[in-house]
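The structure follows.
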Amino acid sequence: MKSTGVSRILAAGLLLAGVVSAQITTTQKIGVIDMQAAMTTTKDGQRAAADLRAKYSPKQQDIQQMQNEIQQKQEQYRRAENTMSDEAKQKMAADIDRLQKNLERDTQDAEQDMNQDQQRIVQGLSGKMMKIVTRYAQEHQFQLVFDVAGQPNNIFFASNTIDITREIIALYDQEYPGTSPTSSLSTPSKPASAPGATRGAAAATANANPKQP
């Protein structure tokens, strides 16, 4: 009889502990945020994107002109290949090769400049963003905040009710209304012959590289 009574008491204690544990678990507050979307949606992020476009758009136009020039010379070579002298062929081939090398060099220089600018902008934005997220989480008693834009992303589902992205964007713009992360944009490297290209133009460079005649 005593053994049965003790067992009942232990069972009741374990049940109560389970209920308390479940209550503690259910009261944990978890949030999610899309940090990439948040940074690019803030006024700072939009201003940074506009500044980068303004800075590197002329370079992209220059690289397009260089690509067009190479394509025109390739076409000229193909049309006149059978009628040109060997000396003229060698001269035109050398000219095309020089333009190709200039294009590749200028593209690499521009890519390096742009990567440096992007890194500085992201570092500036993310540093200020983390301060906002941390303060918001503490004030609203969040135990965990996950970044759904992070890699690898192991979050398969998150309710919109725990998404704090919009709130963080609003707080960021309120905290930093007039700042600009682009004030530290690097000065573009001077190319050897003509301005380089943006990352987008770099992809097109592969198509523009002519086959050796």
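The values are calculated or read from the model by the stated rules, or taken from the named source; none is laboratory data. On a predicted model such as this, the values are computed, not experimentally measured, just so you know. Don't worry about glycine lacking a Cβ; one is built from the backbone with ideal geometry, like all the others, and counts go over all protein chains shown.
Does any residue in region 163-175 that is without any contact (Cβ under 8 Å) to a residue 60 or more places away in the chain and among the small types (Gly, Ala, Ser) come within less than 8 Å, Cβ to Cβ, of a residue that is surrounded by fewer than 16 Cβ atoms within 10 Å (Cβ to Cβ) and part of a helix (DSSP H, G or I) six or more places away or on a different chain, and which pairs are these?
none
Mind checking which residues of region 118-164 are hydrophobic (A, V, I, L, M, F, W, C) and not in a helix (DSSP H, G or I)?
Correct list: 142, 144, 145, 146, 148, 149, 155, 156, 157, 158, 164.
Here's the yes/no breakdown for (1) surrounded by 10 or more Cβ atoms within 10 Å (Cβ to Cβ); (2) assigned to a helix (DSSP H, G or I); (3) β-branched (Val, Ile, Thr); (4) modelled with pLDDT under 90:
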{"residue": "15", "(1), (2), (3), (4)": "yes, yes, no, yes"}
{"residue": "32", "(1), (2), (3), (4)": "yes, no, yes, no"}
{"residue": "40", "(1), (2), (3), (4)": "yes, yes, yes, no"}
{"residue": "45", "(1), (2), (3), (4)": "yes, yes, no, no"}
{"residue": "48", "(1), (2), (3), (4)": "yes, yes, no, no"}
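For region 110-117, indicate whether the set of residues that are more than 22 Å from the chain's Cα centre (by Cα) and assigned to a helix (DSSP H, G or I) is non-empty.
No; the residues of region 110-117 include none that is more than 22 Å from the chain's Cα centre (by Cα) and assigned to a helix (DSSP H, G or I).
The rows are residues; the columns are (1) farther than 16 Å from residue 37 by Cα; (2) surrounded by 16 or more Cβ atoms within 10 Å (Cβ to Cβ).
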{"site": "133", "(1), (2)": "no, yes"}
{"site": "137", "(1), (2)": "yes, yes"}
{"site": "140", "(1), (2)": "yes, no"}
{"site": "145", "(1), (2)": "no, yes"}
{"site": "150", "(1), (2)": "no, no"}
{"site": "156", "(1), (2)": "yes, no"}
{"site": "160", "(1), (2)": "no, no"}
{"site": "166", "(1), (2)": "no, no"}
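Give me the pairs: first residue in region 133-149 and on the phi > 0 side of the Ramachandran plot, second residue among the charged types (D, E, K, R), beta-carbon distance under 8 Å, and six or more apart or on different chains, which are they?
141/29
Return the pairs, sorted by first residue and then second, in which the second residue is not in a helix (DSSP H, G or I) and not aromatic (Phe, Trp, Tyr), the first residue lies in region 72-100 and is more than 28 Å from residue 62 (Cβ to Cβ), the beta carbons are less than 9 Å apart, and the residues are 6+ apart or on different chains.
Every condition considered, the pairs that remain are 81/213; 89/81; 89/213.
Which residue, of 104, 167, is farther than 30 Å from residue 60 by Cα and in a helix (DSSP H, G or I)?
It is 167.
Something else: So for region 61-70 (the condition being of a type in the set (A, V, I, L, M) and loosely packed, with under 13 Cβ neighbours inside 10 Å), does at least one residue qualify?
The answer is no; no qualifying residue exists.
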